[in-house]
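Worksheet: the structure to be examined is printed underneath.
Bear in mind that the values in this text are calculations on the coordinates, not laboratory data. Just so we're clear, the structure is a prediction, and the values are computed from it rather than from any experiment. Positions of Cβ are generated from backbone atoms using ideal geometry, with glycine treated the same way; all protein chains shown enter the neighbour counts.
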């Protein structure tokens, strides 16, 4: 049995003429110890799909007219509030795109990690465990850095703190929603390498969300391409990157800058009116 199995998920916002189906029949699965990447432009439905895994999308205004989300064999869409509290952090943890917005600016980072420990692992809620987590994510001199405020850390260090907070509950599934977008290329590579190391060391699964096909080959086992709320292509990362079948996937790959190509202007995703019927 897969750790996560999403089957024909549908998610809607609005009513009548204002109805928007943000997720339209999405199906994907994640096995234990596997990294799956969900790729697409902003607005393709990636983040609301990921948030739905722990039912973090407010209902209303959202509605789930169809589908199911099986987490360890249990349907998240049918869980009680008590059951949802148990899986949020306990089974599934999130790392978001902008650490400076996610971290509380007036609390020391050590205290913020401690809050997560108190909620999910109260017996381990102590200074030594906070230091261990900071050391685990590669923060130097963790004994001193636990007293830092977020503004005293670089963007890369802030993201490492966010990862430490997510790992404090020992989740089985880590959902990383554009975790490297706000970082420069060098730090981006370090965070990707850190996530790979943590996955192997902690035997957890990862759902990695990004718009950048240029980085998924570094981390993904399997790749799902999302376009207008639908999965339009899914296969091993190697197969999708080497032999893309859908025109949207090919367009995303063409947008990736390359040192091997001599071009005057970078490629762009075609405007809707320029897309042929094969895009649907």
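Extension gain, residue 255 to residue 80, is 58.7 nm, computed as 0.36 nm per intervening residue step minus the present C-alpha separation. Remark: relative contact order (region 163-232) = 33 percent; criterion is Cα-Cα distance under 8 angstrom and separation of 6 or more residues.
What the Cα convex hull of region 12-94 gives, in volume per residue, is 109 Å³.
Quick one: grab the alpha carbon gyration tensor of region 84-187, order the square roots of its eigenvalues as a ≥ b ≥ c, and give me rounded if a/c is under 1.5, else prolate or oblate depending on whether a/b is larger than b/c. Verdict is oblate for region 84-187. Here the sum of -39500 (n - 2.57) over DSSP H runs of 4 or more residues, divided by the residues of the chain, equals -9000 deg cm²/dmol at 222 nm, to the nearest 500.
Based on the Kirkwood approach, the hydrodynamic radius assigned to region 98-147 is 11.2 Å, with every pair of different Cα atoms included. Between the C-alpha center of region 14-36 and that of region 191-229 there is a gap of 18 Å. In region 1-159, Cα pairs under 8 Å separated by at least six residues give a relative contact order of 20 percent. Ranking of 96, 13, 208 by neighbouring Cβ atoms within 10 Å, starting from the fewest: 13, 96, 208. Extent of region 1-48 along its three principal axes (Cα atoms, max minus min coordinate, largest first): 42, 23, 11 Å. Percent relative contact order of the chain, based on C-alpha pairs within less than 8 angstrom and at least six residues apart? Over the chain, the number comes to 24 percent. The distance between label points at residue 68 and residue 31 comes to 2.2 nm (points 7 Å beyond Cα on the Cα→Cβ vector).
Kirkwood Rh over Cα pairs of region 1-148 into Stokes-Einstein at 10 °C, 1.306 mPa s: D in µm²/s? In µm²/s, the coefficient rounds to 90. Where (1) 19.3, 67; (2) 19.5, 59; (3) 25.3, 94 are the candidate values, the label of the one calculated here for Rg and Dmax of the Cα atoms in Å is (2). The mean of 1/r over all pairs of different alpha-carbon atoms in region 159-259, once inverted, gives a Kirkwood hydrodynamic radius of 14.6 Å.
Assign one of three labels to region 140-191, namely rounded, prolate or oblate, based on the Cα gyration tensor with a ≥ b ≥ c the square roots of its eigenvalues; rounded applies when a/c is under 1.5, prolate when it is not and a/b is larger than b/c, and oblate otherwise.
Values: a/c = 2.11, a/b = 1.09, b/c = 1.94.
It comes out oblate by the Cα gyration axes.
Is region 204-280 rounded, prolate or oblate when judged by the Cα gyration tensor, a ≥ b ≥ c being the square roots of its eigenvalues, rounded requiring a/c under 1.5 and prolate requiring a/b larger than b/c? Verdict is oblate for region 204-280.
Given in Å, the Rg to one decimal and the Dmax to the nearest whole number for the Cα atoms of region 57-98 are 11.7, 32.
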